[in-house]
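*Asks:* One structure follows; several queries about it will come next.
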Amino acid sequence: MFKINKITSHPVVDFAAEELKKYLRMMMPDAGEIIIKYAPDATDGFRLGLMADFGLDTSDALDLFLDDILYVDTDSEGGIIAGSNERSILLSVYKYLTLNGCRWLFPGIDGEFIPVKNVAPTKYRKLADCRYRGQCNEGAEFQPNMMEAIDYAPKIGMNIFMIEFLNPHAYYDSYYNHMFNEKNREAEPVTLETVLQWKRQCEVEMAKRGLQFHDMGHGWATWPFGMDPDKRYPNGETDEALEAARPYLALVNGKRQLKGDRPMYTNFCMGPKENREKVVKCVGDYAEKNTNVDYLHVWLGDSLNYSCECEVCQQKTHSDWYVILLNEIDEELTARNLPTRIVLACCYDSIYSPEVERLNNPDRFSLLVAPITRSYCDPVTQEPIEMELPKYQRNKNAHPTNPAEPVAHAEDWARKCGIKVLVYEYHFWVNQYYEVTGHRFAELINLDIKGYHAHKFGGVIEDGSQRSFFPNGLPFYTYAQTLFDSSLSFEEIRDDYYKTAYGEDYMEVVAFMKKLVECMDHRYFTGQSSLNPKVGAYYNPPMAEKLRRVPEIVAEFRPFVESHKNMPYRAQTVAYRLLNYFLEFVEGYSKFMVIKSLGGAKEAKEMCMKFMDDFGRHEIAIERYYDQRNFGAAMNWRILKSNEEPMNLGI
């Protein structure tokens, strides 16, 4: 009989023991009951505890709470499963199971590949290469999917989950109102109170697994002045809250008004101390109430070139005022005896480092570089970057497009302020729908992570949809695996994932994806290959010939998928069923892009809208993996904007 002895008493270790028991019983269904007990002096069975409990060396971890060391030393009946902190013990449990053949291909039970076999002796020890490995909610999210996403994170070695905004109702509204799929699904509105309850539920599930909780982000520039950052004010509308907050808004072109129709895009007038005091108190009150937050993100307005132009604010750069604000927040948190870590954002106007001001207590802060406007066709370089950075010009700055420029800006910040850097990436926002196979995109993600690691950045948080597993989870799996072990090649990760998902014939799937990559060029789909920009960003008649090959490639591959749709393991069956939906998706996508490449913008838009309505009928069947709203956003963001009025996202 197997036994699990908890050497360390902690709620996360309790959960780790239950997870080990569950999967051992699934792997060995006839092995009988497995007893779990707290036994700090145990010398037999599986022993779960901190590495310190076993006298194991943890000197390579600079911070035992933040750095994950995984340690496994077992025989066929038990052994030590340990970690540098309680979360690492859970990660070590999943690593032990992975080494014994388990895989988690997708979130949820249908993504579990659990072989029926006896466990084998296993030895493993590794400090994660990147300290920060996580994701942030985005896209159209629904609560069961969020529960599965949080559960999935540690199973593939991640240690962070972030919930953006005070109340993330905009993301939930996108799903429950079924944006871009209204013809197939009736709206199911949810209240602000319900979404706030769901956020708290997410927080509890994170804590159960010991995940670092990163919170908030945008909103601090208007919420302290009484405005809901996510409320919309279309067509210049106003209300009592906006009028009360107006004196605090950034003065731009002689007016204190919103940027666009949403407070979240707007900065506040940072120069007057009384304005900053309102923000400082708001941050302090929030941190004091929400002590479960490990990292509180304090970002400014979500837009470029909207810094205040009043006489006071013009005396310093946008980032200099930002640093002054952050130092005052640090003083407030210190006075309240709060250890809350603060994350500042290096993006838009704050991508430019401060000219004069410096952080007084850099140990409290982390710098989050957010390269939202970079190209995703070329990876982040692993080589040192030598470039002359553009100078800050108030409200006359340009978006960086070269992946190297945000890295160089972040390194400039780090040199001046003595601050550690992590990255807020957007691979799984809309960019996954411009390289739809995920095959080439996963390779780029592998290189991106290696690039950031080479620049000594501490890790990455992905701002992307939790439904980023269509046609499979290779890109997301590659993301997690490379963050933990940056020595892994794309091919190693791909073969491991594909062989598990598709069985011994997995190279047939690889060959199919490679054919599609050749026909559906990533650079073209991001609007960078036009032969005549005056006609449109997607005008490229030779590309039409490649795209016309897609239906033929799909037809050739369809019998293979059909013959494999019922597999020995449920996760494999799901993988092939998703491939079957993908065949319809990629064929329809290619057809309207043929018209787009020939300059037929209006006709292509009509075909695209019809395709989304047609394919949207499948969303309820594959909604764990495919995000219809984000596909619509991707079409709107680039492809349908070309020489056409864009669709209204409504978020």
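*Asks:* Given axes a ≥ b ≥ c from the Cα gyration tensor, I'd like to know whether segment 447-557 is rounded (a/c under 1.5), prolate (a/b larger than b/c) or oblate.
*Replies:* Oblate is the answer for segment 447-557, as a/c is 1.5 or above yet b/c matches or exceeds a/b.
*Asks:* For all pairs of alpha-carbon atoms in segment 503-639, what percent lies in each bin of width 5 Å, listed from the first bin to the last filled one?
*Replies:* 2, 10, 18, 20, 20, 15, 9, 5, 2, 0, 0
*Asks:* Also: Work out from phi, with θ = phi - 60° and the Karplus expression 6.51 cos²θ - 1.76 cosθ + 1.60, the ³J(HN,Hα) of each residue of segment 38-52, listed in order in whole Hz, and give x for Gly and Pro.
*Replies:* Rounded to whole hertz, the list is 7, 8, x, 9, 4, 10, 10, x, 6, 10, 9, x, 5, 4, 4.
*Asks:* I would also like to ask the following. By a straight-distance test (C-alpha under 30 Å), which lysines pair with residue 499 as possible cross-link partners, with residues fewer than eight away in the same chain excluded?
*Replies:* Counting by Cα, and skipping residues close in sequence, residue 499 has these lysines nearby: 21, 22, 95, 117, 123, 126, 155, 450, 514, 515, 546, 565.
*Asks:* Can you bin the chain into rounded, prolate or oblate? Criterion: square roots of the alpha carbon gyration tensor eigenvalues sorted a ≥ b ≥ c, rounded for a/c under 1.5, prolate for a/b above b/c, oblate for the rest.
*Replies:* Because a/c hits 1.5 or more and a/b fails to exceed b/c, the chain counts as oblate.
*Asks:* Residue by residue, what Karplus-based ³J(HN,Hα) values in Hz, rounded to whole numbers, does segment 379-387 have, using 6.51, -1.76 and 1.60 with θ = phi - 60° and x for Gly and Pro?
*Replies:* x, 5, 5, 8, 8, x, 9, 10, 8
*Asks:* Neighbouring Cβ atoms within 10 Å as the yardstick, rank 186, 556, 357, 462 fewest first.
*Replies:* Ascending number of Cβ neighbours within 10 Å: 186, 556, 357, 462.
*Asks:* Positive end of the charge dipole of the chain (Lys, Arg +1 and Asp, Glu -1 on Cβ, about the Cα centre): tell me which of 51, 567, 507 has its Cα farthest that way.
*Replies:* 507
*Asks:* Along the Cα-to-C-beta direction of residue 65, a point sits 7 Å from the Cα; which residues of segment 80-97 have their amide N less than 15 Å from that point?
*Replies:* The answer is 85-88.
*Asks:* Right, something else. Write out the chymotrypsin sites (Phe, Trp or Tyr not before Pro) in segment 248-289 meeting two conditions: DSSP loop, and at most 11 other Cβ atoms within 10 Å of their Cβ.
*Replies:* Here no loop site has a sparse enough neighbourhood.
*Asks:* On to the next question. For residue 598, enumerate residues with amide H under 5 Å from its amide H, sequence gap 5+ or separate chain, H modeled in the peptide plane.
*Replies:* 540
*Asks:* Quick one: Karplus J couplings for segment 315-330, per residue in order, coefficients 6.51, -1.76, 1.60, θ = phi - 60°, nearest Hz, x for Gly and Pro?
*Replies:* 6, 9, 6, 3, 6, 5, 5, 4, 5, 4, 4, 5, 5, 5, 5, 4
*Asks:* Another one. Can you figure out the FRET efficiency of residue 232 with residue 1, using R₀ = 51 Å and their beta-carbon distance, to the nearest 0.05?
*Replies:* Here the calculated transfer efficiency is 0.25.
*Asks:* Only bridges with both residues in the chain count here: give the DSSP antiparallel percent, nearest 5.
*Replies:* Here the share of antiparallel DSSP bridges comes out near 25 percent.
*Asks:* In what order do 38, 96 fall by count of nearby beta-carbon atoms within 10 Å, going from fewest to most?
*Replies:* Ranking 38, 96 by Cβ neighbours within 10 Å, fewest first, gives 38, 96.
*Asks:* If each residue of separation counts as 0.36 nm, what is the full-extension length gain between residue 562 and residue 41 once their alpha-carbon separation is subtracted?
*Replies:* Taking residue 562 through residue 41 to full extension adds about 182.1 nm, to one decimal.
*Asks:* Something else now. Please give the net charge around residue 459, taking every other residue with its beta carbon less than 9 angstrom from that of residue 459, where Lys and Arg add +1 and Asp and Glu add -1.
*Replies:* Numbers: positive: 131, 133; negative: 129.
Local net charge: +1.
*Asks:* Compute, for the chain, the length of the dipole vector about the Cα centre, with Cβ point charges of +1 (Lys, Arg) and -1 (Asp, Glu) only. Units Debye, rounded to 20.
*Replies:* Taking the Cα centre of the chain as origin, the dipole is about 680 debye.
*Asks:* Counting only other residues whose beta carbon sits under 10 Å from that of residue 378, what net charge do I get with K and R as +1, D and E as -1? Intermediate values should be presented prior to the final figure.
*Replies:* Values: positive: 374, 523; negative: 448.
Summing Lys and Arg as +1 and Asp and Glu as -1 gives +1.
*Asks:* Taking the Cβ of residue 124 as the center, what net charge do the other residues with Cβ under 9 Å away carry, scoring Lys and Arg +1 and Asp and Glu -1?
*Replies:* Summing Lys and Arg as +1 and Asp and Glu as -1 gives +3.
*Asks:* Using the 10 angstrom Cβ neighbour count as an exposure proxy, how do 162, 609 rank, fewest first?
*Replies:* With the fewest neighbours first, 162, 609 line up as 609, 162.
*Asks:* Along the charge dipole of segment 383-428, which of 417, 389, 404 sits closest to the positive end, that is, farthest toward it, with unit charges on the beta carbon of Lys, Arg, Asp and Glu (+1, +1, -1, -1)?
*Replies:* Of the options given, the answer is 417.
*Asks:* Under 1.5 on a/c is rounded, so check that first for segment 24-118, then, if it is not, pick prolate when a/b is larger than b/c and oblate when it is not; a ≥ b ≥ c are the square roots of the alpha carbon gyration tensor eigenvalues.
*Replies:* Since a/c reaches 1.5 but b/c is at least a/b, the shape of segment 24-118 is classed as oblate.
*Asks:* So for segment 365-411, what percent of the C-alpha to C-alpha distances run longer than 12 Å?
*Replies:* Result for the distance tail: 66 percent.
*Asks:* Further question: For residue 249, which sequence-distant residues (separation of 5 or more, or a different chain) have an amide H within less than 5 Å of its own amide H, given hydrogens modelled in the peptide plane?
*Replies:* Amide H neighbours of residue 249: 269.
*Asks:* Using DSSP to call loops (not H, G, I, E or B), can you name the GluC sites (Glu not before Pro) in segment 1-56 whose Cβ has at most 10 other Cβ atoms within 10 angstrom?
*Replies:* Filter output for segment 1-56: 33.
Coordinate-derived values only; no laboratory data. Bear in mind that the values here come from a model prediction, so they are computed numbers and not experimental data. Heads up, the Cβs are rebuilt from the backbone with ideal geometry, glycines too, and the neighbour counts pull from every protein chain shown.
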